[in-house]
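Some notes on the structure that comes next.
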Amino acid sequence: MARVSQEHLDARRRQILDGAASCFARNGFHATSMQDVLKEADLSAGAVYRYFRGRTS
């Protein structure tokens, strides 16, 4: 299996953070679920949990 570049990892992490920021701005932190972030970032749960343990990470 090919190794994933650091640039790809950084871009994916940024994609998740941007999605979370959009959700937090729209719904507030406490009203945002991980499912909201997954949908906003257009990623699977496995992809997101690879980078973050949960919403508070």
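Run down GLY54, GLY46 and say which single residue is surrounded by fewer than 11 Cβ atoms within 10 Å (Cβ to Cβ) and without any contact (Cβ under 8 Å) to a residue 12 or more places away in the chain.
Working: GLY54 fails: without any contact (Cβ under 8 Å) to a residue 12 or more places away in the chain.
After applying the criteria, what remains is GLY46.
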How many residues, within segment 21-34, are closer than 21 Å to LEU9 by Cα and either of a type in the set (Lys, Arg) or at pLDDT below 95 (or both)? 1
Would you confirm, using the coordinates I've provided, whether ALA25 is among the small types (Gly, Ala, Ser) and loosely packed, with under 14 Cβ neighbours inside 10 Å? yes
Of the numbered conditions (1) of a type in the set (D, E, K, R); (2) touching a helix residue (DSSP H, G or I) at 6+ places or on another chain (Cβ under 6 Å); (3) surrounded by fewer than 12 Cβ atoms within 10 Å (Cβ to Cβ), ARG13 fails exactly one; give the number of that condition. (3)
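In segment 28-43, which residues are in a helix (DSSP H, G or I) and loosely packed, with under 15 Cβ neighbours inside 10 Å?
Within segment 28-43, the first condition is being in a helix (DSSP H, G or I), and the residues that meet it are 34-41.
Across segment 28-43, the qualifying residues are GLN35, LYS39.
Please find, within segment 1-10, the residue that is surrounded by the most Cβ atoms within 10 Å (Cβ to Cβ) out of those that are among the hydrophobic types (A, V, I, L, M, F, W, C) and part of a loop (DSSP other than H, G, I, E, B).
So, considering only residues that are among the hydrophobic types (A, V, I, L, M, F, W, C) and part of a loop (DSSP other than H, G, I, E, B), the one surrounded by the most Cβ atoms within 10 Å (Cβ to Cβ) is VAL4.
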Residues (within 19 Å of GLY54 (Cα to Cα) and of a type in the set (Gly, Ala, Ser)) located in segment 1-27: ALA11, GLY19, ALA20, ALA21, SER22, ALA25
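The values are calculated or read from the model by the stated rules, or taken from the named source; none is laboratory data. Because the structure is predicted, anything quoted here is derived from the model rather than measured. So basically every Cβ, Gly included, is an ideal-geometry build from the backbone, and we count neighbours across all protein chains shown.
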